[in-house]
Amino acid sequence: MKRREFIEKTAASTALLSLGLSLSSFGTNDIKHLTILHTNDVHSHIDPFPADDPRNPNKGGVSRRAALIESIRKENPNLLLLDAGDIFQGTPYFNYYGGELEFKLMSMMKYDASTIGNHDFDNGLDGLYAQLPHATFDFINSNYDFKNTVMDGHVKPYKIFNKNGIKVGVFGVGIELQGLVDKKLYLETVYNNPVEIAQDMTKLLKQEQKCDLVICLSHLGYKYKDDPEKISDLKFAEQTQDIDLIIGGHTHTFLDKPTVVKNKAGKDVLVNQVGCYGINLGRIDFYFDKDKAHTNQGTTIVV
Amino acid sequence: MAKLKKYNGFLKLFVIFLTLFSIFSCSQKNYNLNKIEGKQLPVTENAGETATIEAFIKPYRDHINQDLDNVLAYCPETLDKSTGKWQTSIGSLLADICLQRGNLVFKAREKKDIDLCLLNHGGIRAILPKGNVTTRTAFEIMPFENNLVVIALKGEQILDIAAYIIKEKKPQPLSGMTFTIAKDNTAKNIMVQGKPLDLNKTYYVATNDYLANGGDSMTFFAKGTEKFDLNYKLRNVLIDYFKEVDTVVAPKNVRITEE
């Protein structure tokens, strides 16, 4: 009799204790908001398109993009600004200055990281290396092995950002260079299978480093209608797991909204790309909490 | 009673364990990703401008514009790639000057002559408008960083070139070679540098590195026995030509005829 009473009491106090804990450490005020802003395939488009441009009149422009980014930073300073490659090539700014101005302006806008696109090899590995001092942001790629090149040690396989308590793991995948980029430009750069590399990266970032969010910067291309076997962001998303967001590039794909793909583990992964030439800025907002009741509820995706 | 007391002690420990466990698991527990919102923001004039960025770009822009607007030559008529079934004036001009200027480099380096030049219709990115020709014009026509290369091809592959042009039905820029398209859609009377095609001879064919690597399905270049990169950008070929002449002279001679 007494024993039962005690157990009941104990159970009650345990419940009370955990309730108390929930209230203190899992309180409703502990919501974290992280904003990801992203671009891809800007291709040296520093000035806006002229008003008489047949396709993109009066669109884009770095000065305007900088203003837009700054206004969003004011709204939420907890922000990561990322690019998915092909910063180089497309206007005389690149032909004259080799990417110097592109990197300097991205640094002024406080980009956090970029991956490497095929056109970033256009002035060769030496050409890319020469511009690195102008970039204050990191270059992230996990599937190019630069070991026997001048770029060795200048490209990170991944980076973990701590944004106001949220651990964000970012890694990057690049497209097969053979047949796309002249060998004399990429030299001894070795292309590794992006899906296999992603397995190592997500194991490290999600399982070992316990990142709250894993982002992949991809220059694989969104989808290849005429070559369905070729690895693309949509296929990559299906064949991997523990990635929350894939920021893509290469195919200059304009999407109405980010695509939601079921990954290998049956979970949702977001794939986004915002066309090209700095015409658009992608914005993805992530809201986190520590409310235990939400643990198994999954994530609401509003796109 | 004594038994129960002992049990109590265990339970107390258990409660402490549970409590510690829950605290521990709380601190270790990652954040739950609760909601994601995605959207695309257009970059337009509504965003406003950033004065520091504008001021930073200006000297670069001014320098480029000054250089690009430098008048190099005069063009008496607009040359357009959309006027001609099997050849266009702008295409023929490009192929001719690539052959001529490329040969200056090739001859000096290899002591050989380029026999013909084949480029791609799709690679001509703008018209050459009537009026003053500037460096900007060259950048608009040839925005890519393609280099001029020379491939050594057997006579057999020259047949492939003719077959390719007929199959693609486009006025591909061609210089140094002429032929007739027969009624059965095959090439005949193929002449290179004014002489009939010799299937056993090696010909030196100028093109750009994109096409030499199989771009636009020009697979015959892969059969080349030698490859020479002239390290001469096609755009610079064009700029050097414009600098050399006062007036652009569009070639009018016919390279491909239909029977």
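Angle between the Cα long axis of helix A:62-75 and the longest principal axis of chain A, 0 to 90 degrees, nearest 10?
Result, in degrees: 10.
Quick one: check the C-alpha center-to-center distance for region B:97-118 versus region A:149-189, whole angstrom.
39 Å
State which stretch of chain B is the longest one without any exposed trypsin sites (Lys or Arg not before Pro), exposure meaning a DSSP loop state and at most 15 other Cβ atoms within 10 Å.
The reported range is B:30-84.
Based on the alpha-carbon set only, what is the convex hull volume of region A:31-294 divided per residue, in Å³?
In region A:31-294, the Cα convex hull volume per residue is 134 Å³.
Quick one: which of B:K107/B:K188; A:K32/A:K264; A:K183/A:K225; A:K225/B:K81; B:K130/B:K169; A:K235/A:K257 span more than 20 angstrom between C-alpha atoms?
B:K107/B:K188; A:K32/A:K264; A:K183/A:K225; A:K225/B:K81; B:K130/B:K169
How much length is gained if the chain between B:E45 and B:R61 is pulled fully straight, taking 0.36 nm per residue apart and subtracting their Cα-Cα distance, in nm to one decimal? Present the calculation step by step, with values, prior to reporting the outcome.
On the way: separation 16, 0.36 × 16 = 5.76 nm, distance 1.90 nm.
3.9 nm is the gain from fully extending B:E45 to B:R61.
Please give the peptides A:224-230, A:182-188, A:200-206 ranked by average Cβ packing (other Cβ atoms within 10 Å per residue), highest first, as a rough proxy for protection.
Top of the packing list down: A:200-206, A:182-188, A:224-230.
Under a straight-distance cross-link criterion of Cα-Cα below 19 Å, which aspartates and glutamates are reachable from A:K206, leaving out those fewer than 8 residues away in the same chain?
Filter leaves A:E196, A:E238, A:D242, A:D244, A:D268, A:D289.
For the protein assembly as shown, take N as its residue count and report Rg(C-alpha) divided by 2.2 N^0.38 Å. Can you show the working numbers first?
On the way: Rg = 31.0 Å, N = 562, 2.2 N^0.38 = 24.4 Å.
After normalising by residue count via 2.2 N^0.38 Å, the value is 1.27.
How would you classify region A:96-203 from its alpha-carbon gyration tensor, with a ≥ b ≥ c the square roots of the eigenvalues: rounded for a/c under 1.5, else prolate if a/b is greater than b/c, otherwise oblate?
oblate
Per DSSP H run of n ≥ 4, the term is -39500 (n - 2.57); total these for chain B, divide by its residue number, and report the mean residue ellipticity at 222 nm rounded to 500 deg cm²/dmol. Each step should come with its number before you reach the end.
On the way: 7 runs with 103 residues, N = 259.
The per-residue figure over chain B is -13000 deg cm²/dmol.
Considering only DSSP beta bridges with both partners in the protein assembly as shown, what is the antiparallel share in %, to the nearest 5?
Bridges in the protein assembly as shown that DSSP calls antiparallel: roughly 65 percent.
Can you spot the aspartates and glutamates whose alpha carbon is less than 19 Å from B:K243's alpha carbon? Ignore those fewer than 8 places along the same chain.
Output for B:K243: B:D67, B:D69, B:E77, B:D96, B:E140.
In whole Å, what three semi-axes, largest first, describe the equivalent ellipsoid of region A:174-303 built from its Cα gyration tensor (square root of 5 times each eigenvalue)?
Values: eigenvalues 156, 68, 35 Å².
Each semi-axis is √(5λ); the values are 28, 18, 13 Å.
All other residues with a Cβ under 13 Å from the Cβ of A:N192 taken together, and with Lys, Arg as +1 and Asp, Glu as -1, what is their net charge?
Result for the local shell: -3.
Set the Förster distance to 41 Å, then compute FRET efficiency between A:D152 and A:S71 from the Cβ-Cβ distance, nearest 0.05. The partial results should precede the final answer.
Numbers: r = 39 Å, r/R0 = 0.95.
Calculated value: 0.55.
Using the Kirkwood formula on the Cα atoms of chain B, what hydrodynamic radius do you get, in angstrom to one decimal?
22.9 Å is the Kirkwood radius here.
Values in this text are rule-based calculations from the coordinates and carry no lab data. Just so it is clear, the model here is predicted, and its values are computed rather than measured. Don't worry about glycine lacking a Cβ; one is built from the backbone with ideal geometry, like all the others, and counts go over all protein chains shown.
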